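For reference, the structure discussed in these notes is given below.
The values are calculated or read from the model by the stated rules, or taken from the named source; none is laboratory data. Owing to the predicted nature of the structure, the values given are computational and were not obtained by experimental measurement. Every residue, glycine among them, receives a Cβ derived from its backbone with ideal geometry; neighbour counts consider all protein chains shown.
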Amino acid sequence: MITAKEIMTREVKTAHLDMPVKELAALLYENKIGGVPVVDDDGQVVGVVTENDLIDQNKKLHIPTMVSFLDSVIFIDSAATFEKEIKKMTGSLVRDVCSERLLTVAEDAGLEDIASLIAEQGVHTLPVLKDGKLVGVIGKADLIRLVAQGDR
């Protein structure tokens with residue numbers, strides 16, 4: 001069985017919560033990668049940031065639908081979601097744009113579990129942990145490489 005340890009990239013680039021978005025864009029572009037784990041001051045993985053998060057800064061803003069009723073305004077869409085979207089679009093630091101939903105795998109996770117997680121959860125960058133420490137990262141390109149090499 002092929003495991004995360006066998007297919008992960010070991011030389012992991014990371015972004016810090018306080019890294020400027022412009023530096024993040026340069027990191028992704030210069031290294032030709034689609035995303036990186038985000039770490040806090042203690043080096044713990046707290047999120048992931050991808051090219052899509054940077055692209056989101058340039059999309060059109062969806063104004064939430066609202067209804068006025070008896071001098072009250074009722075939002076049909078979530079006001080919290082709207083606030084998050086504005087924060088992400090105007091953010092200047094990684095902490096403003098990174099995903100708060102963190103999915104990781106252990107280094108002994110099997111290929112089928114990894115592929116299922118990436119496909120079903122829409123994950124682009126999957127940190128690999130050993131004893132809570134970042135030891136690697138798996139991206140879609142790592143899975144494509146397996147197919148190209150005929151290992152799968």
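On the given criteria, is Gln121 under 23 Å from Val46 (Cβ atoms) and without any contact (Cβ under 8 Å) to a residue 24 or more places away in the chain?
It is true that Gln121 is under 23 Å from Val46 (Cβ atoms) and without any contact (Cβ under 8 Å) to a residue 24 or more places away in the chain.
Residue under question is Thr90, and the condition is that it be of a type in the set (Ser, Thr, Tyr) and at pLDDT 90 or above; does it hold?
So Thr90 fails the test.
Would you point out the residue of the range 119-152, among those that are assigned to a helix (DSSP H, G or I) and in contact with a helix residue (DSSP H, G or I) (Cβ under 8 Å, 6 or more places away or on another chain), that is nearest to Asp53 (Cα to Cα)?
Selected residue: Lys140.
Would you be able to tell me the number of residues in the range 10-27 that are closer than 24 Å to Leu143 by Cα and surrounded by fewer than 19 Cβ atoms within 10 Å (Cβ to Cβ)?
Result for the range 10-27: 7.
Step by step: first the residues of the range 28-56, then only those that are of a type in the set (D, E, K, R) and not in a loop (DSSP other than H, G, I, E, B), then the one that is surrounded by the most Cβ atoms within 10 Å (Cβ to Cβ). Which residue is that?
Filtering the range 28-56 for residues that are of a type in the set (D, E, K, R) and not in a loop (DSSP other than H, G, I, E, B), the one surrounded by the most Cβ atoms within 10 Å (Cβ to Cβ) comes out as Asp53.
Quickly run through the range 121-152 and pick out the residues that are of a type outside the set (A, V, I, L, M) and touching a Lys or Arg at 6+ places or on another chain (Cβ under 7 Å).
Listed by number, the residues that qualify are His124, Gly136.
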